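So the structure is just underneath, and the comments pick up after that.
The values are calculated or read from the model by the stated rules, or taken from the named source; none is laboratory data. It should be emphasised that the depicted structure is a prediction, and the values quoted were computed from it without experimental measurement. Cβ sites come from the backbone with ideal geometry, for glycine too, and all protein chains shown count toward neighbours. All accessible areas refer to the heavy atoms of the entire protein, side chains included, with ligands and DNA or RNA removed. Shrake-Rupley method; radii C 1.70, N 1.55, O 1.52, S 1.80 Å.
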Amino acid sequence: MTAPTKTPENAPAERTDLHEPVIDWFSEHARDLPWRRPEAGPWGVMVSEFMLQQTPVSRVLPVYEQWLARWPRPADLAEEAPGEAVRAWGRLGYPRRALRLHGAAVAITERHGGDVPTAHAQLLALPGIGEYTAAAVASFAYGQRHAVLDTNVRRVFARAVAGVQFPPNATTAAERKLARTLLPEQDDTAARWAAASMELGALVCTAKNEECHRCPIAALCAWRLAGKPAHDGPPRRGQTYAGTDRQVRGKLLAVLRDAVAPVPQAALDRVWDEPVQRARALDGLVSDGLVEPLAGGLYRLPAG
């Protein structure tokens, strides 16, 4: 097992000092996840990045496997109605991601001959692809040098370099600048660093109950060296679900996913007693393109 880096007390990290211990730790402790295997290919990496947004690995794994078995290439998904993507998304949550992934598959098929593009700018031009996803796919699928900033990476950098417990609620320009500064010069090392720092935040430098005794850069961590000062920024946003419109939307979509034919309004009315909230949630699903209204008060998942 790689021992934590030794350095004198009260000696915060030089930024390049972080690379080797974190990458060595990753080589020994990285999880064996299907999207990290060579056979996953760029499409598998892209699918995983869509699914993993705000969703834990344990929930993603079975859906990911089923998705790739059904749609091993972007063109396979592009041939299906978008509603089938929503149906296969199951209960992963935030189902607009399914529509965006379907839209990206269509664009990849039409613009790039069915191959996930290699250039960051081309990835960013795909529908539903933002800066994070474009950087993640370019880095993890193609070994390119990009700053990949998810919640886990931001927390590691906030603690190790900035010396604070948590990053800001929203990604800042200063964080992006820091991430670029921390990038190793070589493409393959930078891609490995991106994956390693993300894994460190997921497994060790967690939001709660961080395990500094397991951390390969504990001796370099500015937050630990400062005595782990408590967060003094704006309150961190918590996520609620019970009783929210998100819960109602999920219940409505569950009925439509399980249906083999269009569903009457009465069947949807049974899933939530409060009519105003139920109607608002259904209107939102229609507006987001997740539900298609038909004549006669019927509803279905989008057909195209």
Problem set entry | Fraction of alpha-carbon pairs over 16 Å apart in region 245-298 - percent | 31 percent
Problem set entry | Accessible area of Tyr241 in the full protein assembly, 1.4 Å probe (Å², nearest 10) | 110 Å²
Exercise. Whole-Hz Karplus ³J(HN,Hα) for region 174-181, in order, using 6.51 cos²θ - 1.76 cosθ + 1.60 and θ = phi - 60°, x for Gly and Pro?
Worked result: 5, 5, 5, 5, 4, 4, 5, 5
Exercise. Sorted by average packing, counted as other Cβ atoms within 10 angstrom per residue and highest first, what order do 291-302, 130-141 take?
Worked result: 130-141, 291-302
Exercise. What shape does the chain have by the C-alpha gyration tensor, where a ≥ b ≥ c are the square roots of the eigenvalues, rounded means a/c under 1.5, and otherwise prolate means a/b greater than b/c and oblate the rest?
Worked result: prolate
Exercise. Using the Cβ atoms and a cut-off under 12 Å, what net charge is assigned to the surroundings of Arg96, where Lys and Arg are +1 and Asp and Glu are -1?
Worked result: +3
Exercise. Expressed as a whole percentage, what fraction of the accessible surface of the chain belongs to carbon and sulfur atoms when a 1.4 Å probe is rolled over the protein heavy atoms?
Worked result: 52 percent
Seminar exercise, completed: Total charge of the residues flanking Gly143 in space, meaning their Cβ is under 9 Å from its Cβ, with Lys and Arg +1 and Asp and Glu -1, is 0
Exercise. According to the square roots a ≥ b ≥ c of the eigenvalues of the Cα gyration tensor, what is the shape class of region 34-142, taking rounded for a/c under 1.5, prolate for a/b larger than b/c otherwise, and oblate for the remainder?
Worked result: rounded
Exercise. Got a sec? What order do Asp232, Asp187, Asp283 fall in by accessible area at 1.4 Å, biggest, i.e. largest, first?
Worked result: Asp232, Asp283, Asp187
For this session: Using only protein heavy atoms and a 1.4 Å probe, report how much of Trp193 is accessible, in Å² to the nearest 10.
Result: 10 Å²
Exercise. Amide H neighbours of Tyr299 under 5 Å, counting only residues 5+ apart in sequence or on other chains, H built in-plane at 1.01 Å?
Worked result: Val263, Leu294
For this session: Read phi for every residue in region 46-63 and hand back ³J(HN,Hα) as whole Hz from Karplus 6.51 cos²θ - 1.76 cosθ + 1.60, θ = phi - 60°, with x for Gly and Pro.
Result: 5, 4, 4, 5, 5, 6, 7, 5, 6, 9, x, 4, 4, 7, 6, 3, x, 5
Problem set entry | Solvent-accessible area per residue, Å², over region 245-298 with all protein chains present [probe radius 1.4 Å] | 52 Å²
Problem set entry | Lysine pairs meeting the criterion (Cα under 29 Å, 8 or more apart or interchain), as found in the chain | 6
